[in-house]
Structure formats: C-alpha cells, structure tokens
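Enquirer: Quick one: the structure is below, and I'll ask about it shortly.
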Amino acid sequence: MANFVTTTHGGQNIIRSKAFNQQDANSDSQVIVRTSFKLGAEEYISFGGLTDEGFPETPKGKTAYNLFMAANLPGAIDKSGAEPAINYSKLVIADGSLPPLVVTEGITVAEGIQISYQTKTLIPKVSETDEMVAVAKTTVGELLVTKQVRGANPVGTILIEYPGIQPAEIKCCYLFVRSADGSKASKSVYIPFYGAHPHI
C-alpha cells in the first residue's frame with residue numbers, strides 16, 4: 001500500500017517502506033562524477049603499468065590504482081567545458097616520500113625530448129643511484145619512457161629518444177624519480193612544451 005510493503009517471514013509480519021522520490025541516477029552531477037571516474041581509469045590504463053612504478057608506497061589494503069585515482073580525482077579533471085577532460089598539467093603519475101624534483105628545462109631537440117634537472121644529491125634521502133624516469137605521451141597515443149640513474153653532477157640531463165618530434169606532437173610529459181630498489185618515489189613533475197626548438 002502506497003510506499004509500504006508488508007511480507008511474512010518466519011511467522012512475523014515485516015513492514016518495509018520505500019522512498020516516494022527516488023534520486024535520478026542520471027542527474028548532471030552524477031553523470032559528471034561517472035565520466036570523471038571513467039576518464040581517470042582510462043588514463044591509468046594508458047600509461048601501461050608505469051603508474052604502478054610511480055606509486056610504490058602503497059598502504060595496507062591499497063593499490064597503485066587506488067593512489068592514482070585519489071591523487072587525480074577531482075583535481076586533474078577539467079569540468080569547465082561541455083564535457084569533463086583531463087588537465088595534464090595537474091595529472092599526477094607518481095607520488096611518494098622522496099624529495100621533489102627541480103626541472104630546469106624541457107626542450108625538443110633533433111634527437112627527441114631533452115629534460116634537465118637538478119640532482120640535489122646533498123639532500124637527505126637523495127642518492128646518485130636513484131632512477132630518473134622520464135615519460136611522454138604523443139598525441140597519437142604512443143608512450144615514450146626513458147630511465148637512467150640520477151648521477152652526481154649538479155645538473156643532470158635525460159633524453160627521450162624520438163628523432164624529429166615536434167612540441168605539437170607531445171600530449172604530456174613528466175619526470176619523477178625512484179629509489180634504486182624501486183620501493184620509494186617522488187611526485188611527478190609536469191613539463192610543458194610550447195614551441196618548436198631552434199635545433200629542430
């Protein structure tokens with residue numbers, strides 16, 4: 001009757017009530033939440049497991065996927081347009097307890113993408129044997145990854161080999177560092193590319 005349902009179970013009468021006004025599962029806000037979650041999940045997959053290396057410090061009961069989604073929802077989702085979209089400048093593909101990196105330059109050169117960084121080896125928890133990880137995605141979906149040791153020089157340089165690549169072909173680019181044993185990581189740094197470099 002109305003919003004009440006009566007049943008009998010084990011010799012007892014059970015009365016349940018159902019709300020008159022059910023929430024619309026397709027409200028604008030709910031659609032945005034679902035779309036944002038889908039975008040985050042697709043972005044996680046697009047990095048081909050590299051984000052698992054970027055989030056090695058997982059608390060008990062959590063996974064790298066959980067940490068990636070928590071780091072990027074909703075901060076890396078741009079909702080200003082007609083449809084939600086990834087804001088790559090805010091996307092976090094790695095995070096952990098290692099000191100943050102200082103990137104001094106990111107440019108395209110004839111050989112590919114060249115990134116310079118301060119090694120900062122005098123800071124506690126920083127080691128010249130740490131592994132630098134440079135990651136770029138092209139506009140056609142290619143995933144480019146280069147790894148090398150941090151080094152001891154004041155400024156280090158890492159090259160993602162892709163001869164002739166132009167800034168307009170780079171969808172996003174990041175640099176982060178991992179400890180030599182892979183158990184710790186730093187927060188990723190987004191590297192913007194604006195115009196063609198004169199060396200190309």
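Enquirer: In this structure, is Leu73 hydrophobic (A, V, I, L, M, F, W, C) and either crowded, with 17+ Cβ neighbours inside 10 Å or at pLDDT 95 or above (or both)?
Expert: So Leu73 does not fit the description; no.
Enquirer: Give the number of residues within region 48-64 that are under 17 Å from Ala136 (Cα atoms) and either among the polar types (S, T, N, Q) or without any contact (Cβ under 8 Å) to a residue 12 or more places away in the chain (or both).
Expert: Total satisfying the criteria: 2.
Enquirer: Identify, by number, the condition in (1) touching a residue at least 12 places away in the same chain (Cβ under 8 Å); (2) more than 25 Å from Ser46 (Cα to Cα); (3) touching a Ser or Thr at 6+ places or on another chain (Cβ under 9 Å) that Ala110 doesn't meet.
Expert: Condition not satisfied by Ala110: (3).
Enquirer: Still on this model: Restricting the search to region 163-183, which residues are more than 12 Å from Met132 (Cα to Cα) and either assigned to a strand (DSSP E or B) or in contact with an Asp or Glu (Cβ under 8 Å, 6 or more places away or on another chain) (or both)?
Expert: Hits for region 163-183 are Pro163, Ile170, Lys171, Cys172, Cys173, Ser183.
Enquirer: Residues that are surrounded by 14 or more Cβ atoms within 10 Å (Cβ to Cβ), among the polar types (S, T, N, Q) and in contact with an Asp or Glu (Cβ under 7 Å, 6 or more places away or on another chain): does region 152-160 have at least one? I'd like the intermediate steps shown before the answer.
Expert: From region 152-160, those surrounded by 14 or more Cβ atoms within 10 Å (Cβ to Cβ) are 156-160; that's our starting set.
Filter once more, keeping what is among the polar types (S, T, N, Q): 157.
If we keep only those that are in contact with an Asp or Glu (Cβ under 7 Å, 6 or more places away or on another chain) too, we end up with none.
No: region 152-160 contains no residue that is surrounded by 14 or more Cβ atoms within 10 Å (Cβ to Cβ), among the polar types (S, T, N, Q) and in contact with an Asp or Glu (Cβ under 7 Å, 6 or more places away or on another chain).
Enquirer: Just to be sure, is Pro74 assigned to a loop (DSSP other than H, G, I, E, B) and either among the acidic types (Asp, Glu) or without any contact (Cβ under 8 Å) to a residue 60 or more places away in the chain (or both)? So that I can check it myself, show each step before the final result.
Expert: Values: assigned to a loop (DSSP other than H, G, I, E, B): yes; either among the acidic types (Asp, Glu) or without any contact (Cβ under 8 Å) to a residue 60 or more places away in the chain (or both): yes.
Spelling it out, Pro74 is indeed assigned to a loop (DSSP other than H, G, I, E, B) and either among the acidic types (Asp, Glu) or without any contact (Cβ under 8 Å) to a residue 60 or more places away in the chain (or both).
The values are calculated or read from the model by the stated rules, or taken from the named source; none is laboratory data. Please read these numbers as outputs of a predicted model, since none were measured by experiment. Don't worry about glycine lacking a Cβ; one is built from the backbone with ideal geometry, like all the others, and counts go over all protein chains shown.
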